[in-house]
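Colleague: One structure coming up, written as structure tokens, with questions to follow.
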Amino acid sequence: MKSRKVIFIPMSIALAFFLFAGGYLLAKSSAGADYYISTEREPDERVVAAFAPIYDGDRIDLNTATIDELMEIPNIGETRAQAIIAYREEQGSFESIADIMEVSGIGEGIYEQVKDYICVTKDD
């Protein structure tokens, strides 16, 4: 049993040395390489459309939107959309977009993410 330890320890040290030396040489050979990222290519229109802000004419009205329309707002899924409609039915029309923070499950963080996508029209 002692002879196995005698062989195992030097082999482990040798293996560790070769792995260290190999990693060192590999890192050394690529350390001077320059990387260039081109920005000349235009981004894919589908990507731009997915991340483009919705402009005033396209904002979703909290007082008239359906569940499907509300679910088009980032971070508003079916559960939050249903909560918005339930709040609207119980409390009446939203007076301002900030009123969305009164809806269960929508706090200041979600408000900051959705405020550019929503609007409120008032009945006169």
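Taken together, the values in this text are just the output of simple stated rules run on the coordinates, not laboratory data. The structure presented is a predicted model; accordingly, all values stated were derived computationally and were not measured. Here the Cβ is made from the backbone with ideal geometry for all residues, glycine too, and neighbour counts use every protein chain on show.
Colleague: Search the structure for amide H atoms under 5 Å from the amide H of Cys119, placed 1.01 Å from N in the peptide plane, and list their residues when 5 or more places away or on another chain.
Modeller: Placed amide hydrogens put Ile60, Asp61, Leu62 under 5 Å from Cys119.
Colleague: On to the next question. What shape does the range 54-119 take by its C-alpha gyration tensor, where a ≥ b ≥ c are the square roots of the eigenvalues and a/c under 1.5 counts as rounded, a/b above b/c as prolate, and the rest as oblate? Walk me through the numbers on the way to the answer.
Modeller: Values: a/c = 1.28, a/b = 1.20, b/c = 1.06.
Rounded, because the longest to shortest axis ratio a/c is under 1.5.
Colleague: Also: Starting at the first residue of the range 7-17, write each ³J(HN,Hα) from the Karplus equation 6.51 cos²θ - 1.76 cosθ + 1.60 with θ = phi - 60°, in whole Hz, x for Gly and Pro.
Modeller: Values, residue by residue: 7, 5, 5, x, 5, 5, 5, 5, 4, 4, 4 Hz.
Colleague: Between Asn63 and Ser93, 0.36 nm times their residue separation minus their Cα-Cα distance comes to what?
Modeller: Net length gain for the segment: 10.2 nm.
Colleague: Grab the Cα-Cα distance for Met71 and Tyr24, subtract it from 0.36 nm times how many residues apart they are, and report the gain in nm with one decimal.
Modeller: Values: separation 47, 0.36 × 47 = 16.92 nm, distance 5.22 nm.
So the extension gain works out to 11.7 nm.
Colleague: What does the net charge come to around Ala81 if you take all other residues with beta carbon closer than 12 Å to its beta carbon, with K and R at +1 and D and E at -1? Mind showing how you got there, number by number?
Modeller: On the way: positive: Arg80, Arg88; negative: Asp68, Glu69, Glu72, Glu78.
Neighbourhood net charge equals -2.
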